[in-house]
């Protein structure tokens, strides 16, 4: 094969994408009106500090020079990032890596549960809808799925918050962990964080609507396929047919949409964590944006970009394992 | 298999029944009413025979196939009796079996090969897995079974190691179909039901599979029920043929009888309408009318609306089976008169036609030689590079040489038919000839000017790109997708007139279009004028597409398989129409076809030429009588062999009774074509020199326009002293 292995090419594309997004975010962040200096001075002024004094105080704390020309600041930043240093948060006065490292697990916790639960519901519902195609169950679930697909997750979040948290007091209204419980591997704490994560996870389940419609379409296509008919005639067992023939082929296209929705959910976490005051990645990202905290904003953007691009890379590289037809150009087809 | 006297004797000796169908009906409950897609069919299948079931699309033949395995898809309901007679055991009532018994019956006793081999394998599992799971599901010994699978695959000329280890998408269509046949035989069934098993394949592959089936049938002692729309294809495979019309069996008899003395008017008309190589073209006539709708089958004999013999009895009474003789049954009240009413050879009228046929081409060819060609292709190459990524700076991309150095001249009022297997580059060549595909090498001249020079320079005064675009038109294979579904017929047809005849006013345009619609048989034209494409049948859509191309007043039309999407009985009609329009509009055709009998029909009627394309090269071109009766290139001979004949053994030439003239069933990979003569890997005449030297185009016979790219046309070529590379062992003979 004369061409470069497509996997290497795909990897290079990934690196290129991360670099391009980082550069673009860097320039946009710097071009935003205001800067960290102004934001902090304004805050101190509101607390009654004399403007001149406030400016001096801020200059003492500031670790970056907001007035540095963009190209120079950019080169500095890239060099630092490549050596693993995302800078010092202006607002929290802590290393960005440290803030992100302690926020990331919380976001991942909510995200992974949302993803798994919504895709599980979606796939099961979709398969059942296809099985009873045209029946009451199908019609009912299709309407449900369309409803779920058309509600924005943050509207659902507010509704859940109003009814389940404020009115019924079943769930906490904000936060990510119970107060007064020592963090650690103990039952009250685990119960507490699950309790706090329930509403954010529920709001994200809107994704299951789209997933179930996709699964329904895929399953109907597989159910009508010739190879299924031949398999039945060959007398294969129902288990083999339903797992190896129907499920395997119907779930295949869902695999890509699963990994793509990781990206969507990261984006959604910014608003969601604000609604629930859930101190995860998105929460800090928004706070950093208010404060024009350049290093923290950039750190958040880079992290999300890397996560999404990696998810897509994994999807591409592993799709060949689940679907032999996508084995790349290296398969010696004849 | 040639049905000689002895064969026929033995086939009647083995006339013991293995499957018996009595009064079988299949009905679907549809919104428009109850739809009967199989109507009280009685049929016996004899042990070890090959029974052909022939019918047009929608005649219920696939339902009959499914009924044999009690495998009608929901919501169809099968009633009647299907009885299976195992050897020395008690008969089995197939429709009475419970789930477990049915599972054992299917595939172990009767198995089935579907039309859609492309989609009959689970795309995510290897071929070997399909064999293993089938063996497991029926509690067969897997090791023994896989040995049998390997032997079956070898018998079907496949490499067992390679095929078993492949995923379905890695195999070509023909390989998949053969692997599917092997899979259906893995449990050693007695009966094999094949539902259009070759319809999606190239002619050469179809024919190769048919000859393999003959061997397989003998080797494994099979009874085969072969269902097809293509009567000539199975003429020398089958022992008996059943013709189906409107969900019933119209006629059943021994193959020889059915071909030579068909008794049902439909069979006679069907045989006459089928394009083939032998019967004089003037005798080919379409079957008038169309097949009935399953919800609304005519009363009495369902063929009566289309039948020239129909009278009041036919309208009232559904004909029972009349016995022509002990083995030949026909469902027609007037079968005794059919032979006189519908003569198979119109001896009285066809006397002058042969001379007519031979005269025309010669006169044209002489006239042509002095003329300037209309479109001239000079050493045209179209190479496609395989997808090239952003980071592929350093590597050489792979190229597919779709067209690899073809020269061809097309004259005024000419017709050239390009024939070849799929993927040989004939469509690409056609598109290049009408300026829809820019060649990567060589030139295409329209009236002496290079069209791509004109395109780049923006016109040279006498000729601009728009003029070329108007003169070179295309008619696609699928009329349904070449008409804009949101535009009425009138809008589609007015467009070219508005563009090129702006002197006409609205009424003139309308009159002109109405006249044309009427002329092509779409009457009343006022009605068709206002219709949308989906309100037209396939044949009507194709007519509109042809008229649309004609209204541009083109000099050359590329017709890419214009009839292959149509039902067999409509093809001759459509080709006649196109030929008639050629004379009317004074245009030239470049036809593309995969079917030599269609090619022959058009080329003979228009006095044109047939060009044979193989792996991007034009291997032979010439007038149809030379290509058909005096083919010089071995590939043309193979195509000739692959084209089925209606006549049996007596009508066959020497090359027909012998085995297959190809050594290798599968086409080589076009990204890496063989060196030297591309055909040497399959050619039965290949010698050492063919591996290294590529033949040029040589004069092939006395006919002026007959040329072939094969060393064998030269008397003093080093080929004749070269060693043969044909290994007798490897050769595939049918």
Helix-only [θ] at 222 nm, chain B, -39500 (n - 2.57) per DSSP H run of 4+, per residue, nearest 500, equals -10000 deg cm²/dmol
What is the P(r) of segment A:4-76, as percent of Cα-Cα pairs per 10 Å bin from 0?
17, 32, 23, 15, 9, 4, 1
Looks like segment B:144-234, by Cα gyration tensor root eigenvalues a ≥ b ≥ c and the a/c under 1.5 rounded cutoff (else prolate when a/b is bigger than b/c, oblate otherwise), is oblate
Which percent, to the nearest 5, of DSSP beta bridges fully inside chain B are antiparallel?
60
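Ranked from highest to lowest mean number of other Cβ atoms within 10 Å per residue, what is the order of the peptides B:473-483, A:225-235? If you can, show how the numbers build up before the last one.
Working: B:473-483: 18.5, A:225-235: 20.6.
The densest-packed peptide leads the list: A:225-235, B:473-483.
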Largest first and to the nearest Å, give the Cα extent of segment B:482-535 along each principal axis.
31, 22, 15
At a Förster distance of 45 Å, what's the computed FRET efficiency of residue B:81 paired with residue B:584, Cβ-Cβ distance as r, to 0.05?
0.20
Just to confirm the number: angle between the C-alpha axis of helix B:127-137 and the first principal axis of chain B, 0 to 90 degrees, nearest 10?
10
Virtual spin-label span in nm between residue B:385 and residue B:470, 7 Å along Cα→Cβ
3.7
Dividing the surface of the Cα convex hull of the protein assembly as shown by four yields a projected area in nm² of 57.2
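Per-residue Cβ counts within 10 Å, from other chains only, averaged over A:234-243: what number is that?
Per residue, the average neighbour count from other chains is 5.
Can you figure out the FRET efficiency of residue B:725 with residue B:477, using R₀ = 60 Å and their beta-carbon distance, to the nearest 0.05?
0.95
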Using 5 Å bins from zero, what percent of all Cα-Cα pairs in segment B:69-182 falls into each bin?
2, 10, 18, 20, 17, 15, 10, 7, 1
For segment A:220-334, rounded, prolate or oblate, judged on the Cα gyration tensor with a ≥ b ≥ c (square roots of eigenvalues), a/c < 1.5 rounded, else prolate if a/b > b/c?
prolate
With axes computed from alpha carbons, what is the tilt in degrees of helix B:489-500 against the longest principal axis of chain B, rounded to the nearest 10 within 0 to 90?
20
Could you work out how much longer the chain between residue A:79 and residue A:32 gets when fully extended? Use 0.36 nm per residue separation minus the Cα distance between them, nm to one decimal.
14.7 nm
Round to a whole angstrom and tell me the spacing of the C-alpha centers of segment B:140-189 and segment A:160-194.
61
Once all Cα-Cα distances of segment A:158-220 are split into 10 Å bins that start at 0, what whole-number percent is in each one?
20, 35, 25, 16, 5, 0
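Counting partner chain Cβ atoms within 10 Å of every residue's Cβ in A:222-229, what's the average?
What the average comes to for A:222-229 is 5.
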Separation in nanometres of the label points that stand 7 Å from Cα toward Cβ, at residue B:505 and residue A:239:
8.2
Taking Cα atoms only, helix A:187-204 is inclined relative to the longest principal axis of chain A by an angle, in degrees rounded to 10, of 70
quick note, the protein assembly as shown, DSSP beta bridge pairs, % antiparallel (nearest 5) is 60
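Ranked highest first by the average count of other Cβ atoms within 10 Å around their residues, in what order do A:170-183, B:429-442, B:608-621, B:244-257 fall?
Numbers: A:170-183: 13.6, B:429-442: 20.4, B:608-621: 26.9, B:244-257: 24.1.
Answer by packing, highest mean first, reads B:608-621, B:244-257, B:429-442, A:170-183.
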Which percent of the Cα-Cα distances in chain B go past 36 Å?
48
Could you give the distance between the Cα centres of segment A:218-234 and segment B:575-607, to the whole Å?
41
Per-selection metrics, segment A:259-305 (Cα): Rg and Dmax in Å
10.4, 32
If each residue of separation counts as 0.36 nm, what is the full-extension length gain between residue A:168 and residue A:42 once their alpha-carbon separation is subtracted?
41.4 nm
Note the full-extension length gain between residue B:527 and residue B:261 as 0.36 nm times their separation in residues minus their Cα-Cα distance, in nm to one decimal.
91.6 nm
Evaluated over segment A:105-305, the Cα radius of gyration and Dmax, each in Å
20.3, 67
What is the packing order of peptides B:177-188, B:672-683, taking the mean over residues of other C-beta atoms within 10 Å and listing the highest first?
B:177-188, B:672-683
For segment B:485-542 and segment B:406-447, compute the distance between their C-alpha centroids and round to whole Å.
29
Averaged over A:244-254, number of beta-carbon atoms from partner chains that fall within 10 Å
2
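Any read-out appearing in this document is the output of simple, stated calculations on the displayed coordinates, not a laboratory observation. Because the structure is predicted, anything quoted here is derived from the model rather than measured. Neighbour counts run over all protein chains shown; Cβ positions are idealised from the backbone, glycine included.
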